[in-house]
Amino acid sequence: MTAAFRPAARLAGLGTSVFAEINQLASRFGAVNLGQGAPSFDGPEFIKEAAIAAIRAGHNQYAPMPGLPELRTAIAEHQQRFYGLAVDPDSEITVYAGATEALFALFQALVGPGDEVVLFEPFYDSYSAGARMAGAEVRAVALEAPARHADGFQFDPAALDAAISPRTRFVLVNTPHNPSGKVFSRDELLTIAEICRRHDVLVVSDEVYEHLVFAGEHVPIATLPGMRERTITISSTGKTFSLTGWKIGYTCAPAPLTAALRGAHQFITFCQATPFQHAMAVALRAPDAYFEDYLAAYRRRRDLLCDGLAAVGFGVAAPAGTYFVLADIRPLGWTDDVSFCRMLPETIGVAAIPPSSFYLHPEKGRHLVRFAFCKEADVITEAIRRLHQLSG
Ligand SMILES: Cc1ncc(COP(=O)(O)O)c(C=O)c1O
């Protein structure tokens, strides 16, 4: 390959994500895929009908760069309805091609060479890639997994305090948390908030699983004293409405930060698909029953998967949030998540994700495997049936 074909230095070390590799193995061996966090079922009819109606009504040209006013108003109403947060749709809300673009835009907008961001590890892999592509450094604070079970991930406030330097621009909190399923408690968030205020750093709060909390409560950090003015909240309609392929995400942030985010967004995608924005304005105004039924269905899927994994012999505790569970493979005689997940599709016919790729220090996640339960009951049941070959 000549120099003309060489990728830019900012991609060095990013490689191909482990998700792509596992998905390829899953399709090659016809495995039941509990790796990827995409529902195996479709989103609700009323939202799909709203998108079709928007297309038929001729809403097919570029949307305004910050997002369709109607959608931004629906997002503001959602923040008020669920969290009592007053957010101005004109100056504080922006719509993107998924939370993924929101993350990319915020790294581009806020950090550069010489800057640092603090993440809790394990972390969703696009955080470190976004930091890297913007030229910033990542500092990680460990969410320590208890010895055997995958619940109760805890951080040490002193470690967070020590990770923040004069170069730190923001601390990124993800609650409910992918991949651990942890829901940060109000007390933990108050601790993080106090540390961030004291060091005068921003908080980025990734809340894409906000409606998937089975135990405890979802506390947006922006609702805590003194935090609204220093928090960028990211969310996505993809998970909540089981339409991940539509990629409608958004941020809520104080006006000066929103102006910076829009400065990046205007040159990344400029705007997201217009008919889907119309439909998500309808979705976000769904009655309470929608959100309650959604959570109840996920609770059943979570219990089905966790009970099944425990019966197979994994070390497992039901996660408090998200649609992921981290299972300990050591009771089954395995110690390396990557070799386990490479073996699984061909030998057992199931796909799962090795979480060491969510760590800056991969050895901390070697004994864990991430399973997704955004799948129909018969898919989960079939996966468990196959997984029994591990212990049999
Ligand atoms: C924690 C977290 N943030 C962001 C995203 C990306 O969301 P979107 O599909 O809206 O880009 C995901 C998707 O898996 C996620 O798990």
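Where residues in the stretch 228-241 are in contact with a Cys (Cβ under 9 Å, 6 or more places away or on another chain) and surrounded by 22 or more Cβ atoms within 10 Å (Cβ to Cβ), which of them is farthest from residue 51 (Cα to Cα)?
Result: 231.
Of the numbered conditions (1) away from the ligand (no atom under 15 Å from the Cβ); (2) part of a helix (DSSP H, G or I); (3) touching a residue at least 40 places away in the same chain (Cβ under 8 Å); (4) in contact with a helix residue (DSSP H, G or I) (Cβ under 8 Å, 6 or more places away or on another chain), residue 127 satisfies every one except a single condition; which is it?
With (1) away from the ligand (no atom under 15 Å from the Cβ); (2) part of a helix (DSSP H, G or I); (3) touching a residue at least 40 places away in the same chain (Cβ under 8 Å); (4) in contact with a helix residue (DSSP H, G or I) (Cβ under 8 Å, 6 or more places away or on another chain) applied to residue 127, the lone miss is (1).
Could you check how many residues of the stretch 357-383 are without any contact (Cβ under 8 Å) to a residue 24 or more places away in the chain and closer than 21 Å to residue 26 by Cβ?
Within the stretch 357-383, residues that are without any contact (Cβ under 8 Å) to a residue 24 or more places away in the chain and closer than 21 Å to residue 26 by Cβ number 1.
Does any residue in the stretch 193-215 that is at pLDDT 95 or above come within less than 9 Å, Cβ to Cβ, of a residue that is away from the ligand (no atom under 16 Å from the Cβ) and acidic (Asp, Glu) six or more places away or on a different chain, and which pairs are these?
If the second residue must be away from the ligand (no atom under 16 Å from the Cβ) and acidic (Asp, Glu), the pairs left are 195/161; 198/161; 199/161.
Go through (1) modelled with pLDDT of 95 or more; (2) over 25 Å from residue 218 (Cα atoms) one by one and return the number of the condition residue 178 breaks.
Just one mismatch for residue 178, condition (2).
Among residues belonging to the stretch 107-150 that are within 18 Å of the chain's Cα centre (by Cα) and among the acidic types (Asp, Glu), point out the one that is modelled with the highest pLDDT.
Filtering the stretch 107-150 for residues that are within 18 Å of the chain's Cα centre (by Cα) and among the acidic types (Asp, Glu), the one modelled with the highest pLDDT comes out as 121.
Does residue 239 satisfy being within 15 Å of the ligand (Cβ to nearest atom), basic (Lys, Arg) and in a loop (DSSP other than H, G, I, E, B)? I'd like the intermediate steps shown before the answer.
Details: within 15 Å of the ligand (Cβ to nearest atom): yes; basic (Lys, Arg): yes; in a loop (DSSP other than H, G, I, E, B): no.
Taking the combined requirement at face value, the residue does not satisfy it.
Against the definition (surrounded by 23 or more Cβ atoms within 10 Å (Cβ to Cβ), touching a residue at least 40 places away in the same chain (Cβ under 8 Å) and either more than 16 Å from the ligand (Cβ to nearest atom) or closer than 30 Å to residue 390 by Cβ (or both)), how does residue 305 come out, yes or no?
Here the answer is yes, as residue 305 does meet what is asked.
Would it be correct to say that residue 55 is closer than 15 Å to residue 282 by Cβ, out of contact with any Ser or Thr (no Cβ under 7 Å at 6 or more places or on another chain), in contact (Cβ under 8 Å) with a residue 24 or more places away in the chain and away from the ligand (no atom under 16 Å from the Cβ)?
Yes: the conditions hold for residue 55.
Could you list all residues from the stretch 328-377 that are open to solvent by less than 30 Å² (accessible area, probe 1.4 Å) and assigned to a helix (DSSP H, G or I)?
Of everything in the stretch 328-377, those that are open to solvent by less than 30 Å² (accessible area, probe 1.4 Å) and assigned to a helix (DSSP H, G or I) turn out to be 337, 340, 341, 344, 345, 355, 356, 358, 365.
Residues to consider are 107, 184, 170; find the one that is hydrophobic (A, V, I, L, M, F, W, C), away from the ligand (no atom under 12 Å from the Cβ), in a loop (DSSP other than H, G, I, E, B) and surrounded by 24 or more Cβ atoms within 10 Å (Cβ to Cβ).
None of the others qualify; the one that does is 184.
Anything in the stretch 321-343 that is away from the ligand (no atom under 15 Å from the Cβ), under 13 Å from residue 306 (Cβ atoms) and out of contact with any His (no Cβ under 8 Å at 6 or more places or on another chain)? List them, or say none. Quick ask: steps written out before the conclusion?
Of the stretch 321-343, the ones away from the ligand (no atom under 15 Å from the Cβ) are 327-343.
Right, trim to under 13 Å from residue 306 (Cβ atoms) and you get 327-328.
Answer for the stretch 321-343, where residues must be away from the ligand (no atom under 15 Å from the Cβ), under 13 Å from residue 306 (Cβ atoms) and out of contact with any His (no Cβ under 8 Å at 6 or more places or on another chain): just 327.
Tell me yes or no: at least one residue of the stretch 28-37 is modelled with pLDDT under 95, among the polar types (S, T, N, Q) and surrounded by 10 or more Cβ atoms within 10 Å (Cβ to Cβ).
There is at least one residue in the stretch 28-37 that is modelled with pLDDT under 95, among the polar types (S, T, N, Q) and surrounded by 10 or more Cβ atoms within 10 Å (Cβ to Cβ).
Of the residues in the stretch 208-220, how many are within 15 Å of the ligand (Cβ to nearest atom) and among the hydrophobic types (A, V, I, L, M, F, W, C)?
Total meeting the criteria: 3.
So which residues in the stretch 87-96 are touching a strand residue (DSSP E or B) at 6+ places or on another chain (Cβ under 7 Å) and either open to solvent by 20 Å² or more (accessible area, probe 1.4 Å) or away from the ligand (no atom under 15 Å from the Cβ) (or both), if there are any at all?
87, 92, 93
The values are calculated or read from the model by the stated rules, or taken from the named source; none is laboratory data. If you're wondering where the values come from, they're calculated on a predicted model, not measured in any experiment. Note that each Cβ is placed from the backbone with ideal geometry, even for glycine, and that neighbours are counted across all protein chains shown. For the accessible areas, the whole protein counts, side chains as well, though only heavy atoms, and no ligand, DNA or RNA atoms are used. Shrake-Rupley method; radii C 1.70, N 1.55, O 1.52, S 1.80 Å.
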